[in-house]
Amino acid sequence: MGNCFFYLICPQQLLLLSFSLFLLLLSLCFFIFFICLTVRGRCVAHSQWYMNNEHVLVGGSRLRLVPYLAHHVPRYHQWMGDSELMHCTASERLTLEEEYENQRDWLCAEDKLTFVILAPLSIAVNKAVREQRGNTAFGKNPVVRDVHDDDERGRETEEVSEVEVGDYATADVSQGGVKREAPWRCTSSTTARPRRSYGACIPANISPEEEEEEERRIGRTYVMVGDCNLYCIGINEAVELMGDDDAHSDAHGKCFELGVMIADRAFRRQGVAEEAVRLLMSYAMDKLGASCFIAKILSTNTSSIRFFTMRLGFTLLREVCIFDELHFIKRFTDAAEREAWMAGVAYTVGLYDANTEKEMTVLHSMPDATEWNREWVHGRTGPVTQPLVFGVVRKNETEI
C-alpha cells in the first residue's frame with residue numbers, strides 16, 4: 001500500500017502530469033483566443049470594409065463612385081471655396097491642411113462615409129454640343145432630355161416611352177420612359193444610323209480606325225464632379241425623427257441620412273445627382289443593411305425638395321422650424337423592392353485599388369476650353385459654329 005501511494009505521488013510523474021495539464025490549458029487558451037480573433041475580424045471586416053470604403057468601387061449605368069482619398073483633396077478644396085456651394089451644403093471654409101484632416105476623418109469613420117462622383121466626360125461634351133446646335137432660327141431644337149431632368153422652367157417634363165436608336169438617354173425602369181419637353185416626340189427608327197453617346201466629340205474627317213480609338217479614349221475618360229454622403233442614424237435619433245413605433249419597426253434595417261453635391265456646373269441638370277444617390281442607396285441596402293433613408297433639406301431649397309420628392313419618391317416626415325428644415329423619408333419594406341431599385345440603376349460593386357482611376361483616365365477638372373475646342377470642335381459635323389463652353393451658369397442651373 002505504501003509503495004502504491006509512493007508511486008502515485010512520485011515527483012517525476014507529478015511533474016509530467018502538471019506539464020500535461022499546462023499544455024492542455026495553454027492549447028485551450030490559444031483556441032479561445034483564435035476564435036475571438038476570428039469573430040472580431042469578421043465583424044470588423046463587415047463594418048470597416050463597407051463603412052470605411054477605402055477599397056470600394058460602386059458602378060452604375062454611367063457613373064462611378066470611388067472613395068474620397070488624399071489625391072482628391074486639392075480639387076475638393078477648390079470646390080468648397082465657392083460661396084454658393086458653402087451655403088447649399090451649410091459648410092465652413094477650411095484650410096487645405098484642415099481639408100486633408102477632414103478627408104482622413106471621413107475615411108476612418110465607422111458611422112459615415114463619402115464617395116467621390118466620377119461622371120463620363122462625354123456627358124458635358126454632349127450637353128455643350130446640344131446647346132450650341134439648339135440655337136436655330138426657329139428657336140431651340142427639341143433634344144432628348146435626360147430621364148432625371150426638369151425643363152428650363154423647373155416643371156416636370158412629359159414622359160415618352162420611345163427613345164431614338166443609340167441615344168445616350170435611356171429609359172428609367174422605375175419611371176417607364178424618357179422625359180422630354182412636350183409636345184415633341186422622339187420615335188424609334190430602324191434605318192437611322194445609331195449615335196454613340198460621345199459621337200459628337202469625334203471629328204468627321206478621320207478614318208474608322210481613328211474614330212474607334214478616339215471613342216475608346218473618350219469612353220474611358222471620367223471627370224470628378226461632386227460627392228455623395230451617408231450618415232448612420234442611431235436608434236435614439238431614429239426614435240426622435242420617426243417616433244418610437246416607426247423607429248423600432250425598422251430595427252431589422254439601419255437608417256441613414258443622405259447628401260449629394262454636384263460641384264461641376266458642366267454636369268448639372270444631366271441626371272448625375274439622381275444616379276449618384278440611387279447608387280449610394282443601393283450600396284447602403286446591399287452592404288450596410290439599410291432599409292430607411294432620411295434627407296434633411298432647408299425649407300428654402302426648393303430644387304433639392306423637388307429632387308428628393310419628385311425624382312426619388314421621398315415623402316415629408318416632419319418640419320423642424322428651429323433649423324428651418326424639412327425632413328423627408330423613404331423606406332424599403334421587402335427584398336423585391338430593394339432588388340428592383342438596384343437593377344434600375346445597373347448597380348455593381350467591386351474592388352478599388354491604386355490603379356482603378358488610372359485605368360479609367362480620371363480628370364479632376366474639365367479640360368481647358370481652348371485646347372478642347374482646338375482638338376475636337378474643328379471638323380465636327382452639324383451646325384456647331386461657335387466654340388463649346390463648359391460650366392456656364394444659366395437660369396435655374398444651380399439645381400442639382
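Across the stretch 57-74, what is the number of residues that are crowded, with 16+ Cβ neighbours inside 10 Å and in a helix (DSSP H, G or I)?
Final tally of qualifying residues: 2.
Do we have any residue at all in the stretch 303-322 that's touching a residue at least 40 places away in the same chain (Cβ under 8 Å), buried (at least 18 other Cβ atoms within 10 Å of the Cβ) and in a loop (DSSP other than H, G, I, E, B)?
Taking every residue of the stretch 303-322 in turn, none turns out to be touching a residue at least 40 places away in the same chain (Cβ under 8 Å), buried (at least 18 other Cβ atoms within 10 Å of the Cβ) and in a loop (DSSP other than H, G, I, E, B).
Rundown of residues vs (1) surrounded by 13 or more Cβ atoms within 10 Å (Cβ to Cβ); (2) touching a Lys or Arg at 6+ places or on another chain (Cβ under 8 Å); (3) of a type outside the set (S, T, N, Q); (4) within 21 Å of Glu257 (Cβ to Cβ), yes/no style:
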{"position": "Met80", "(1), (2), (3), (4)": "yes, yes, yes, yes"}
{"position": "Ser83", "(1), (2), (3), (4)": "no, no, no, no"}
{"position": "Glu92", "(1), (2), (3), (4)": "no, no, yes, yes"}
{"position": "Lys112", "(1), (2), (3), (4)": "yes, no, yes, yes"}
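Sort out which residues of the stretch 300-322 are touching a His at 6+ places or on another chain (Cβ under 9 Å) and more than 18 Å from Leu85 (Cβ to Cβ), and write them in order of number.
Arg311, Leu316, Leu317, Arg318, Glu319, Val320
Test Asn102 against the stated conditions and say whether it is part of a helix (DSSP H, G or I), under 22 Å from the mean Cα position of the chain (by Cα), at pLDDT 80 or above and closer than 30 Å to Phe323 by Cβ.
yes
For every residue, the table says whether it meets (1) in contact with a Ser or Thr (Cβ under 6 Å, 6 or more places away or on another chain); (2) of a type in the set (Phe, Trp, Tyr).
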{"site": "Ala284", "(1), (2)": "no, no"}
{"site": "Ala295", "(1), (2)": "no, no"}
{"site": "Phe307", "(1), (2)": "no, yes"}
{"site": "Arg311", "(1), (2)": "no, no"}
{"site": "Gly344", "(1), (2)": "yes, no"}
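Here's a check for you: in the stretch 261-292, which residue that is touching a strand residue (DSSP E or B) at 6+ places or on another chain (Cβ under 7 Å) and part of a loop (DSSP other than H, G, I, E, B) is surrounded by the most Cβ atoms within 10 Å (Cβ to Cβ)?
Arg268
Tell me, please, whether a residue that is of a type in the set (Phe, Trp, Tyr), modelled with pLDDT under 95, surrounded by 16 or more Cβ atoms within 10 Å (Cβ to Cβ) and not in a loop (DSSP other than H, G, I, E, B) can be found in the stretch 353-375. Steps first, please.
Here is the first cut: in the stretch 353-375, the ones of a type in the set (Phe, Trp, Tyr) are 372.
Keeping just the survivors that are modelled with pLDDT under 95 gives 372.
Then keep just the ones that are surrounded by 16 or more Cβ atoms within 10 Å (Cβ to Cβ); that gives 372.
Add one more test, that the residue is not in a loop (DSSP other than H, G, I, E, B), and what stays is 372.
Yes, there is a match, as at least one residue in the stretch 353-375 is of a type in the set (Phe, Trp, Tyr), modelled with pLDDT under 95, surrounded by 16 or more Cβ atoms within 10 Å (Cβ to Cβ) and not in a loop (DSSP other than H, G, I, E, B).
Filtering the stretch 114-138 down to residues that are modelled with pLDDT under 90 and β-branched (Val, Ile, Thr), which residue is surrounded by the fewest Cβ atoms within 10 Å (Cβ to Cβ)?
Ranking the candidates gives Thr136 first.
Which one is surrounded by the fewest Cβ atoms within 10 Å (Cβ to Cβ) among residues in the stretch 249-260 that are in contact (Cβ under 8 Å) with a residue 40 or more places away in the chain and farther than 16 Å from Thr114 by Cβ?
That would be Gly253.
The values are calculated or read from the model by the stated rules, or taken from the named source; none is laboratory data. Please read all numbers here as calculations on a predicted model, not as lab measurements. Note: ideal-geometry Cβ built from the backbone for every residue, glycine included; neighbour counts use all protein chains shown.
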